[in-house]
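To keep things clear, I will list the structure first and then write my remarks on it.
The values are calculated or read from the model by the stated rules, or taken from the named source; none is laboratory data. Note that the coordinates shown come from a computational prediction; the quantities given were computed from them, not determined experimentally. Backbone-built Cβ (ideal geometry, glycine too); neighbour counts: all protein chains shown. Note: areas computed on protein heavy atoms with side chains; ligands, DNA, RNA excluded. Shrake-Rupley method; radii C 1.70, N 1.55, O 1.52, S 1.80 Å.
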Amino acid sequence: MKRLLFSMFLLFGLIFAVSAGAEESMVSVGLESGVSYASFSGENGLDIYDAVYGDLLYHAAPGEVVDIYSYDGGFASDGKFSTPISMLSVISVERAPINWYSEPYRGYFRLDRIGGAFTVVNFVHMDNYLYSVLGKEMSDYFPGEALKAQAICAKNFALCANGRHSGYDVCATTHCQVYGGVNSESPNIRAAVDAVSGQTAHYAGDLVQLYFFATSGGATEDISNVWGSTSPYLISVPDPYEPAEKASRYTWTTVLTSWEIQSKLADKGIYIGEITNVTVDEVTPAGRALTLTITGTEGSHTVRRESCRTVLGLSSQWFTVNPYYDEAGTLCFAIDGRGYGHGVGMSQWGAYGMAMQGYSYVDILTHYFPGISVY
Ligand SMILES: [Zn+2]
């Protein structure tokens, strides 16, 4: 009995250590780089440290604004401090949010000098980062299980982002994930993030990149038909769950005149004369365009995979093209399509539909990413 209790103690200790470790993981978010000025304040005051030796340089009173400039290889703030040290930390008293200009952020800030300017980096606990990111990626009225699935996607993204930037993990724009601090949080989203705290998605034991998009239109796409690479869990799956009446651009129609297509190509430096035809030459098993040819009076231009969508700025890669002449005799192309976004991985509207039908976030993730495990 003693032995059993002892091993249970060890087991619980281990579980606690693992989950606490995951919860405590920090994300460094690059908010701005190449700047020579930044402004901070804190409701309960701020402590400014040199981040190399850990010396306190200045203590700001509650609400006091500290304007920091790059100065002589280091930093200075008028009448407050100056230091030749190339790295500063801005830490809030009693963990209140820090205002960077007028926007509140959780965690703490670090300013890193690189050459004549510096980078503003926000260090924030993973879950606190997700509170903000999720609100920019999915509407907070989406059902909780869909929000939890999205939280795992965003968490895996941040954990797999190694090497996208030097000096920090992720930037705060669409290049990585849009992050806006405390003002883009909401109670529903915080609850969803907390519910899956410490959990991530894995394939064959490895952390995986989980892609997502708005609407599939009926089936997701194999990554090889979009970006050319292959992946065992980024394959095409049927998507019967999207609510066609609600999902953004479940079906859509765009009409482009011959001249509009010519000008879209010209924007990309492609000149093939007056456009006479647009044809989808090859489709994927799911139904998306795999090869598209645009024919003009002075040549033709063929694109493959994702370029079938982006070359004409369409909502998705799944469409048919129907040429006709309008009443004025202008050659037009009616493009009838399905879905919104690249089509690889999880459909956000499909996640909405699955959650509304009672599926859990694990059901949602394992449907869109076959073979992964969440733990
Ligand atoms: Zn980025």
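Worth pointing out:
- For region 251-338, the relative contact order is 32 percent, taking Cα pairs closer than 8 Å that sit 6 or more residues apart in sequence and dividing their mean separation by the residue count.
- Between region 219-270 and region 281-330, the alpha-carbon centres lie 11 Å apart.
- Taking every protein chain into account, the accessible area of the chain amounts to 46 square angstrom per residue (probe 1.4 Å).
- Each of 221, 103 has its accessible area taken with a 1.4 Å probe; listed largest first, they run 103, 221.
- Computed FRET value (nearest 0.05) for residue 325 with residue 302, which takes r as the C-beta separation and R₀ as 22 Å: 0.35
- Fraction of accessible area attributable to carbon and sulfur, region 116-187 (%, probe 1.4 Å): 48 percent
- Annotation: residue 245 carries an accessible surface of approximately 150 Å², with a 1.4 Å probe and no ligand, DNA or RNA atoms counted.
- Taking every DSSP bridge with both residues inside the chain, close to 95 percent are antiparallel.
- Extent along principal axes [Cα atoms of region 251-338; Å; largest to smallest]: 35, 29, 19
- Dipole magnitude of region 27-124, debye to nearest 20 (Cβ charges: Lys/Arg +1, Asp/Glu -1, about Cα centre): 200 debye
- Membrane-span-like helices of the chain, defined as complete DSSP H segments with a Cα extent of 18 Å or more along the helix axis and a mean Kyte hydropathy of at least -0.5, are identified as 2-23, 144-159.
- Anchor residue 155: lysines whose Cα lies under 26 Å away (excluding residues fewer than 8 positions away in-chain): 136
- 3J(HN,Hα) from dihedral phi, region 237-253, Karplus parametrisation 6.51/-1.76/1.60, rounded to Hz, x for glycine, proline: 10, x, 10, x, 8, 5, x, 4, 6, 9, 4, 5, 6, 4, 10, 8, 9
- Net charge dipole size for region 251-338 [Lys, Arg +1 and Asp, Glu -1 on Cβ; Debye, nearest 20]: 420 debye
- Whole-percent carbon and sulfur share, accessible surface of region 251-338, 1.4 Å: 47 percent
- Charge dipole (Cα centre; +1 on Lys/Arg Cβ, -1 on Asp/Glu Cβ; no other charges) of the chain amounts to roughly 840 debye.
- In terms of its alpha-carbon gyration tensor, region 139-283 comes out prolate; a/c meets the 1.5 threshold, and the first ratio a/b outweighs b/c.
- From largest to smallest, the equivalent ellipsoid semi-axes obtained for the chain from the alpha-carbon gyration tensor read 45, 30, 17 Å.
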